[in-house]
Every structure is written in structure tokens, then in C-alpha cells.
Amino acid sequence: MEFLTTEQLAFIFGLLGNIVSFMVFLAPMPTFYRIYKNKSSEGFQSIPYVVALLSAMLLLYYGVLKTNAILIISINAFGIAIEVAYLIFYITYAPKKEKIFTLSLVLLVNVVFGLTLAITVFLANGTKRVTALGWICAVFNIGVFAAPLSIMRQVIRTKSVEYMPFTLSLFLTLCATMWFFYGLFTKDYYIALPNVLGFIFGIAQMILYMAYKNSGKNHGDVEAKMNTDHDGDNLEMMFDFSTLSSTNRPQLMRSVSDTYKPSYLVPAVRKWSMDEPNYHRI
């Protein structure tokens, strides 16, 4: 029986990585349909999409510099297109303050990417250029993969998995797995190593989900507690709400008595609300 070559295995895992990443990139579509339907950004923030855009830009540049990296180029070209579309859509319906903030972040992305271009073009050449850019991408991706620690901490604190859906955690874990093996078989450790961390955190998120999915701390429980105590405990719950990400807050507050209306998602980087893909990484 003839076994597959490393090149064939790399292509298979890279293709699977493209498919899973494609699905993860499209995951925010329900969020943006909701924004369109309500003609409001509803407290959702643009940071996850700006971070995803910068990551896709860096990886696309890396794929162009590297040889035989069409699978890296293809998915990140799509990623740039979809993130730009999300940001245009967000800016259209966001309030003025959020529009300005988002445009400032987009400008910052261009500055960071421009500096990366300058460093790799003028201060490195040949293989050193690919190496320098590889390290930049790896460090950036490690930071993105570490970001879900915030939402995991929130799950432990609130004993609720409402904003860390199992399906998304599963697909992100599969995504990290595919790109790890792609990097392994192509000996591209700038791609492989960050995805080890992505796999570990993905597994940790699924374990947390299984541990807390039946905890019973849901909207109904919060509403019941808020409506049965109008004194000190109520104030404590209001304080808890204020510490949640703004993406979480609007949905939670709708289930609370209208008597109490405390005054986003810095998706940590990323308190990344898990109903918005927190990090579309390869």
C-alpha cells in the first residue's frame, strides 16, 4: 500500500484548513444580519474584525513572500475581503463615536502594516525577510489565540456558557488542528507553533462548556433573582452586568426587569464575544 507523501498531506490539511477557516470567517453573518435588521450596532464593537483584518493582511503578505503558499494566500485574501465588508457594514450602522473609533483602528492597522512592510523590505532581504515576517505573524497569532482567556474567565465567573457556544469552539479547534498539521508537513513552524496554543485553548473552551452547560445560570435565573430582591443584592447584580462585555450586556439586560437599566466587546482582544468569531486564525 502506497502512503501519501508529505506534500500531499500538506495539501490535504491546507485544503481542510481553508474550508474550516472559510466557515469561521462567515460565522458573524447572523450578527450582521441582526445589526442590519435593527439598523444599529447595538453595542457590538469592531475590534475583533479589525484584529482579524490585520492578521489576514500579515498572513497574505507572508504567503506572497513564501514560495508554494497558495493555500495561505487564498484563505487570507478571502479573509481580507470579508473583514472589510464587515467593517463597512459596521461603520454604516454604528453611532458617531463608534464610527470614529473604528476608523481610527483601521488607520492604526494601516500604520502597523506599513511599518511591517518597511521593516521587512528595507531591513531584511531574501530568506531573512521571510523569517522576520514569519516571526511577526507568529507572535501576533499567539496573542490572538491567548485572547479567549478573557471569555473563559467570564464563563468561570458567571457559570454561564451562553456567550461561548460549543460549535464555534469546536470549529476553532478544528481550524487550529488543520493549520498545525499543514505547518508541520510543510515545515513552516511560524504557522504550526501558534496553532498548538490555539488547539490547547480550543480544547479548554470545550471542557469548560461541558463543565458549565448545565449550571442553570441563564437569563431566567438572572431575571428571577433581580425581581425577587430590590435592595442590596440587586445593586450587586447591576455591578456584575457592568463588568460584562458590551456585546453580552444588551442581550442580558433585555431579560432583566425594565426597572433596572445600568448605564463591548473589547473582545478581549478578545473578550471576544463568542457569538462573534473571536479570532479567525490559521
Once you have the Kirkwood Rh of the range 72-216 from its Cα pairs, apply Stokes-Einstein at 37 °C and 0.692 mPa s and quote D in µm²/s. 185 µm²/s
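What ranking, highest mean first, results for peptides 24-35, 93-104 when packing means the other Cβ atoms within 10 Å averaged over each residue?
Values: 24-35: 17.4, 93-104: 14.4.
Put in order of decreasing packing, that is 24-35, 93-104.
Taking a 23 Å limit on the Cα-Cα distance, which of the listed pairs K37/K159; K66/K187; K37/K99; K128/K187 fall beyond it?
Values: K37/K159 31 Å; K66/K187 12 Å; K37/K99 19 Å; K128/K187 16 Å.
With Cα atoms farther than 23 Å apart: K37/K159.
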Anisotropy class of the range 1-138 from Cα gyration tensor, a/c 1.5 cut: oblate
Hand me the trypsin sites (Lys or Arg not before Pro) from the range 157-195 located in a DSSP loop with no more than 10 other Cβ atoms within 10 Å, in residue order please. K187
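Read-outs throughout are calculated quantities, based only on the coordinates presented, and are distinct from any laboratory measurement. Everything numeric in this text was worked out from a predicted model, so none of it was measured. Neighbour counts run over all protein chains shown; Cβ positions are idealised from the backbone, glycine included.
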